[in-house]
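The values are calculated or read from the model by the stated rules, or taken from the named source; none is laboratory data. Given the structure is predicted, the values throughout are model-derived calculations rather than measurements. Backbone-built Cβ (ideal geometry, glycine too); neighbour counts: all protein chains shown. Side chains are part of the model used for accessible areas, which takes the heavy atoms of the whole protein and leaves out ligands, DNA and RNA. Shrake-Rupley method; radii C 1.70, N 1.55, O 1.52, S 1.80 Å.
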Amino acid sequence: MLDTTKNTTRLCRGCQGNNLFLAIDLGELPISNELLLERQENVELFPLALYMCADCSLGQVQDVVRPERLFRDYRYMSSMSSTFLAHAKSFCESMLDSGLIGTDDFVVEIASNDGYLLRNFQNLGIRVLGVEPAKNISSISESLGIPTLSEFFSADLAMKIRKENGPAKLIIANNVMAHVPDIRDFMKGLSILCDSETLISIENPSIVNILTENQFDTIYHEHYSYLSCKSVEHLASIYGLTLIDVELIAAHGGSNRYWISAKPQEKTQRLRESIRDEDLIGLSDPDKWENARQLTHDSINQLREWLLHVQQAGQLVLGYGAAAKASTLLNAAQVPRDLIPSICDRSPEKIGRYMPINNYEIIDFDRFIQMKPDHILVFPWNIEKEITEQIAPRLPDAQVWVAIPNLRRVK
Ligand SMILES: [Zn+2]
């Protein structure tokens with residue numbers, strides 16, 4: 001029996017308007033983070049198409065799969081990447097250095113993962129609380145002594161947290177709003193945890209990069225929503241909150257860090273400029289997205305042609321990084337298994353599993369080295385440098401490639 005419900009959303013999840021248009025269509029794909037214990041011929045597929053709201057510039061995938069299905073077996077662990085760890089540490093330090101947070105304050109992080117960010121605050125004696133629905137990951141955080149609720153964040157849960165702990169000085173929600181089906185309830189929950197001094201920091205890949213950098217591989221079923229400054233501004237205003245600033249940061253290949261205040265404040269100049277830029281690039285212009293669809297199509301064809309060419313030359317291509325991006329790219333391009341038989345990953349939880357549809361085997365680093373690939377296709381292009389540095393000393397002759405925005409050799 002399936003535990004899945006398909007919904008066809010006709011209204012914008014943010015502003016609830018009905019002015020949606022098709023932006024990118026990737027066909028029918030498997031759930032990107034669901035890795036198989038053994039080879040399997042038939043896996044469930046779900047349509048994956050990005051729609052844009054012409055009114056508030058929120059992107060959303062139209063056919064949703066319920067979060068209980070998507071996150072029941074979530075294998076992503078932040079602490080596996082040194083780039084993310086450094087990013088988290090510098091974020092905490094800057095909050096203290098700027099005086100926005102003091103040692104008497106209370107910090108809540110939603111989607112706290114294995115506690116990689118909160119432990120920086122906790123080490124400084126600051127009271128923290130994590131919310132992380134994936135039990136296998138929240139238990140790691142708990143075992144490190146970081147108080148963690150293993151539940152989905154909602155307005156109801158926010159009420160409980162507020163009752164037991166009082167308001168938060170800082171609420172962090174990094175790379176989570178995209179994964180929430182009801183983002184209105186989520187924003188309402190944030191507002192419940194606020195008093196007049198609260199700041200909310202929301203980090204998320206910017207939808208602008210899908211349009212301008214061809215980052216279609218960041219579209220997957222787990223990402224219900226694709227945020228922009230305009231959509232966050234609108235959503236915050238519904239619950240009496242004000243978007244006051246945005247920082248453009250390098251994480252995940254170009255993310256926005258939105259700063260929302262419980263107290264009305266002037267927008268910073270860079271926020272005003274970012275909102276203007278979103279209009280200038282045509283984020284809610286169907287013609288601009290038609291160009292993006294063509295680019296996506298072209299880069300998928302380019303990847304397939306290259307893989308066939310390399311195979312005909314008798315050379316081996318292996319993948320690196322069994323991330324969701326890999327699943328979207330390989331399946332949107334319908335890459336047969338004989339073109340990329342295996343994908344290396346450093347996470348013990350992924351090794352030995354198979355990525356659908358074509359049962360790409362996930363192997364450990366030693367086996368990857370033993371197989372002596374001629375070419376390595378790095379899927380998490382956002383941490384390509386870190387990966388190339390790890391690989392290069394062991395496979396000095398291998399060529400390293402990324403496929404986004406276009407196929408390109410990086411070593
Ligand atoms: Zn909208």
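At a glance:
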read-out: Flag for R69 being away from the ligand (no atom under 16 Å from the Cβ), charged (D, E, K, R) and modelled with pLDDT under 85; value: yes
read-out: Sole residue being charged (D, E, K, R), open to solvent by 50 Å² or more (accessible area, probe 1.4 Å), part of a loop (DSSP other than H, G, I, E, B) and more than 22 Å from I244 (Cα to Cα), chosen from E142, E164, E151; value: E151
read-out: Identity of the residue in segment 120-139, over 22 Å from the mean Cα position of the chain (by Cα) and closer than 16 Å to G166 by Cα, that ends up surrounded by the most Cβ atoms within 10 Å (Cβ to Cβ); value: V128
read-out: Residue within segment 240-257 that is touching a Pro at 6+ places or on another chain (Cβ under 7 Å), open to solvent by less than 50 Å² (accessible area, probe 1.4 Å) and at negative phi present; value: yes
read-out: So S327, is it in a helix (DSSP H, G or I) and under 25 Å from E222 (Cα atoms); value: yes
read-out: Count of segment 274-324 residues which are aromatic (F, W, Y) and in a helix (DSSP H, G or I); value: 2
read-out: Residue within segment 163-178 that is within 16 Å of the ligand (Cβ to nearest atom) and out of contact with any strand residue (DSSP E or B) (no Cβ under 8 Å at 6 or more places or on another chain) present; value: no
read-out: Residues of segment 363-382 satisfying the condition of being over 14 Å from G319 (Cβ atoms) and either within 26 Å of the chain's Cα centre (by Cα) or buried (at least 21 other Cβ atoms within 10 Å of the Cβ) (or both); value: N382
read-out: Pick from segment 46-59, criterion among the aliphatic types (A, V, I, L, M) and within 16 Å of the ligand (Cβ to nearest atom), ranking: farthest from the chain's Cα centre (by Cα); value: A54
read-out: Test: residue in segment 320-333 that is touching a Gly at 6+ places or on another chain (Cβ under 7 Å) and open to solvent by less than 30 Å² (accessible area, probe 1.4 Å); value: yes
read-out: Residue under evaluation R346, criteria (1) modelled with pLDDT of 95 or more; (2) assigned to a loop (DSSP other than H, G, I, E, B); (3) open to solvent by 10 Å² or more (accessible area, probe 1.4 Å), criterion not met; value: (1)
read-out: Unmet requirement for A86, which otherwise passes all of (1) surrounded by fewer than 22 Cβ atoms within 10 Å (Cβ to Cβ); (2) within 22 Å of C194 (Cα to Cα); value: (2)
read-out: A236 vs. criteria at pLDDT 95 or above and under 15 Å from E203 (Cα atoms); value: yes
read-out: Selection within segment 102-119 - in a helix (DSSP H, G or I) and either crowded, with 22+ Cβ neighbours inside 10 Å or under 19 Å from the mean Cα position of the chain (by Cα) (or both); value: L118
read-out: Hits in segment 8-22 - residues which are open to solvent by 10 Å² or more (accessible area, probe 1.4 Å), at negative phi and within 16 Å of the ligand (Cβ to nearest atom); value: T9, R10, L11, R13, C15, G17, N18, N19, L20, F21, L22
read-out: Residue match in segment 396-409 (condition: open to solvent by less than 20 Å² (accessible area, probe 1.4 Å), of a type outside the set (D, E) and farther than 23 Å from A250 by Cα); value: yes
read-out: Qualifying positions in segment 268-308 - closer than 23 Å to L377 by Cα and acidic (D, E); value: D298, E305
read-out: Residue list for segment 26-39, restricted to those being surrounded by fewer than 14 Cβ atoms within 10 Å (Cβ to Cβ) and either within 16 Å of the ligand (Cβ to nearest atom) or hydrophobic (A, V, I, L, M, F, W, C) (or both); value: L37
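Okay, residues lined up against (1) within 16 Å of the ligand (Cβ to nearest atom); (2) open to solvent by 20 Å² or more (accessible area, probe 1.4 Å); (3) modelled with pLDDT of 95 or more:
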residue: I24; (1), (2), (3): no, no, yes
residue: E41; (1), (2), (3): no, yes, no
residue: E44; (1), (2), (3): no, yes, no
residue: V61; (1), (2), (3): yes, no, no
residue: V65; (1), (2), (3): no, no, no
residue: Y76; (1), (2), (3): no, yes, no
residue: L100; (1), (2), (3): no, yes, no
